[in-house]
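Visitor: Questions regarding the structure given below will be posed in turn.
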Amino acid sequence: MIHEQGREFILHLSSFEGPLDLLLYLIEKNRFTLENLEVCPIIDQYLRHIETLRRLDVSLAGEFLDMASYLIWLKSCLLLPVNALESEEGEFNPARELQEMLMAYRAIKQASRDLSSRPLLFRDRFPKGSGAEQNDVAFMGMGSLMQAINAIRARTQKYVMNVAAIRFSIQDMMKRIQTLLKGKQRVSLDEVIQKGDRMETIGALLAGLELSKSSFARLIQRGLFSMIYIVRR
Amino acid sequence: MNTRDIVEALVFSTSGTLRIKDILGAIPGVSVEGLETMVNELNSIYHETGRSFLIERVSDGYMFVSRQEYAPYIKTLQEPAKLSNAAMEVLAVIAYKGPCSKQTIDGIRGVDSSSSLKSLLKHELIDIKSGKPMMYFTTNRFLEVFGLNSLADLPDISQYEEVFSEE
């Protein structure tokens, strides 16, 4: 447990983007600077946090544990006499390596904040015609192609029928669609489907039909085999 | 009808970006610099007459966009898609280091970036160069969304390092 002003506190890892983010937080909290970083106390604090969380049986993301083992190795290097390291690896400086990793991550984090603070299209500036119109799906390069292939694979990979079929509650599916439709005018059937198996697809379609029966929404399909949209009335 | 009005009509008729080379193809005898001057004049007119929009230079073209102060009203028509902090970090890595592999991205962030990459691909802000390993790079769409003419307009990343070392 970490003690601060006599009290214990536990960090929630979900508020960090990853182990480097957690390390940066610990460094800032201790008012250290990356340039003159005292590595050992930060390593100790990191390991204590991870140990606490493990004792509490919190499931930890693999990367936090990877970092823990890296830091243990790093600390063991630092505790070795300097001569022993130099003779083996020349100017090998593991603490410097960690420092550089953190600096690169901090630079990217800052860069991403700066990018976010620019006046963004569809958030601060809107191009002509973007208001109430749904943007057409455009085929754009390899990325779209790979996604299309993955979508097809996800839809078609199950050839084996499960004997114990999973039943989707139409009611739950209707709620899911209604939640999605709170934010926008229409959703595609693909957006409603999470796992992509046949039962879920049928469930989503039936839920869409139910909603259409109750005049909450209507279903639109432009042509044979094209995407089905559920549009709020 | 003068050339400036024709430029306005061409950009107006396009939803999204109209590429500079298409404008030059449609109006013979106009130079890139001349086009820029005319767009600036149009924007001055819009500004002086209190219009809610302007013509913006993005990536390799021009497009009409609404002024920022009208965003709250336009947002009520369509909820804009939001990118997570993780996705923004991945995007920053690709913008500065791209084309780069997933391994490079994961290395800098210290975490797996698969789901962020998927979301960025879905929003067409990045694309893939096929090969082994696959390389990720930012698209023209990225430039449009972030209001950049080219990747060279991004602030120099070493500037961040300097800021940090002054702490």
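Visitor: Being of a type in the set (Gly, Ala, Ser), at pLDDT below 70 and within 30 Å of B:Ser130 (Cα to Cα): is that true of A:Ala138 here? Break it down stepwise before answering.
Guide: Details: of a type in the set (Gly, Ala, Ser): yes; at pLDDT below 70: yes; within 30 Å of B:Ser130 (Cα to Cα): yes.
Considered against the rule, which asks whether it is of a type in the set (Gly, Ala, Ser), at pLDDT below 70 and within 30 Å of B:Ser130 (Cα to Cα), A:Ala138 comes out as yes.
Visitor: For B:Phe64, indicate whether it is more than 7 Å from chain A (Cβ to nearest Cβ), surrounded by 16 or more Cβ atoms within 10 Å (Cβ to Cβ) and modelled with pLDDT of 90 or more. Spell out the reasoning first.
Guide: Numbers: more than 7 Å from chain A (Cβ to nearest Cβ): no; surrounded by 16 or more Cβ atoms within 10 Å (Cβ to Cβ): yes; modelled with pLDDT of 90 or more: yes.
Against the criterion (more than 7 Å from chain A (Cβ to nearest Cβ), surrounded by 16 or more Cβ atoms within 10 Å (Cβ to Cβ) and modelled with pLDDT of 90 or more), B:Phe64 does not qualify.
Visitor: Additional query: If B:Ile55 satisfies all but one of (1) within 18 Å of the chain's Cα centre (by Cα); (2) more than 13 Å from every other protein chain (Cβ to nearest Cβ); (3) modelled with pLDDT of 95 or more, what's the number of the condition it fails?
Guide: The number of the failed condition is (2).
Visitor: Looking only at residues in region B:29-67 that are hydroxyl-bearing (Ser, Thr, Tyr) and not in a strand (DSSP E or B), which one is nearest to B:Asn140 (Cα to Cα)?
Guide: Taking region B:29-67 first, the residues hydroxyl-bearing (Ser, Thr, Tyr) are B:31, B:37, B:44, B:46, B:49, B:52, B:59, B:62, B:66.
Still in the running and not in a strand (DSSP E or B): B:31, B:37, B:44, B:46, B:49, B:52, B:59.
Working: B:Ser31: 23, B:Thr37: 23, B:Ser44: 27, B:Tyr46: 26, B:Thr49: 31, B:Ser52: 25, B:Ser59: 6 Å.
My answer is B:Ser59.
Visitor: Related question: Note down all Cβ pairs under 6 Å where the first residue falls in region B:77-91 and is at the interface with chain A (Cβ under 7 Å from one of its Cβ atoms) and without any contact (Cβ under 8 Å) to a residue 24 or more places away in the chain, the second is aromatic (Phe, Trp, Tyr) and not in a helix (DSSP H, G or I), and they're at least six residues apart or on different chains.
Guide: Sorted first by the residue in region B:77-91, then by its partner, the pairs are B:Pro80/A:Phe122.
Visitor: Do we find a residue being modelled with pLDDT of 85 or more, assigned to a strand (DSSP E or B), of a type in the set (Lys, Arg) and under 24 Å from B:Ala81 (Cβ atoms) anywhere in region A:182-197?
Guide: Taking every residue of region A:182-197 in turn, at least one turns out to be modelled with pLDDT of 85 or more, assigned to a strand (DSSP E or B), of a type in the set (Lys, Arg) and under 24 Å from B:Ala81 (Cβ atoms).
Visitor: Listed residues A:Lys109, A:Lys29; which is modelled with pLDDT of 90 or more and charged (D, E, K, R)?
Guide: Values: A:Lys29 fails: modelled with pLDDT of 90 or more.
Of A:Lys109, A:Lys29, the one residue that is modelled with pLDDT of 90 or more and charged (D, E, K, R) is A:Lys109.
Visitor: Sort out which residues of region A:28-57 are hydrophobic (A, V, I, L, M, F, W, C), away from chain B (no Cβ under 12 Å) and surrounded by 13 or more Cβ atoms within 10 Å (Cβ to Cβ), and write them in order of number. Working first, answer last.
Guide: Of all residues in region A:28-57, those hydrophobic (A, V, I, L, M, F, W, C) come to A:32, A:34, A:37, A:39-40, A:42-43, A:47, A:50, A:53, A:56.
Going one step further and asking which of them are away from chain B (no Cβ under 12 Å), we end up with A:39-40, A:42-43, A:47, A:50, A:53, A:56.
A:Val39, A:Cys40, A:Ile42, A:Ile43, A:Leu47, A:Ile50, A:Leu53, listed by residue number.
Visitor: For region B:11-25, does any single residue satisfy the condition of being aliphatic (A, V, I, L, M), in a helix (DSSP H, G or I) and either closer than 19 Å to A:Gly129 by Cα or in contact (Cβ under 8 Å) with a residue 60 or more places away in the chain (or both)? Working first, answer last.
Guide: Going through region B:11-25, the residues aliphatic (A, V, I, L, M) turn out to be B:11, B:18, B:20, B:23-24.
Pick out the ones that are also in a helix (DSSP H, G or I) and you get B:11, B:20, B:23-24.
So of that shortlist, the ones also either closer than 19 Å to A:Gly129 by Cα or in contact (Cβ under 8 Å) with a residue 60 or more places away in the chain (or both) come out as B:11.
Within region B:11-25, one or more residues are aliphatic (A, V, I, L, M), in a helix (DSSP H, G or I) and either closer than 19 Å to A:Gly129 by Cα or in contact (Cβ under 8 Å) with a residue 60 or more places away in the chain (or both).
Visitor: Got at least one residue in region B:97-104 being in contact with a Leu (Cβ under 9 Å, 6 or more places away or on another chain), more than 9 Å from every other protein chain (Cβ to nearest Cβ) and outside any strand (DSSP E or B)?
Guide: Going residue by residue through region B:97-104, those that are in contact with a Leu (Cβ under 9 Å, 6 or more places away or on another chain) are B:98, B:102.
Checking the rest, the ones that are also more than 9 Å from every other protein chain (Cβ to nearest Cβ) come to B:98, B:102.
Filter once more, keeping what is outside any strand (DSSP E or B): B:98, B:102.
Yes, the conditions are met somewhere in region B:97-104.
The values are calculated or read from the model by the stated rules, or taken from the named source; none is laboratory data. What you see is a predicted model; the values in this text were computed from it and never measured. With ideal geometry, Cβ positions are generated from the backbone for all residues, glycine too; neighbour counts draw on all protein chains shown.
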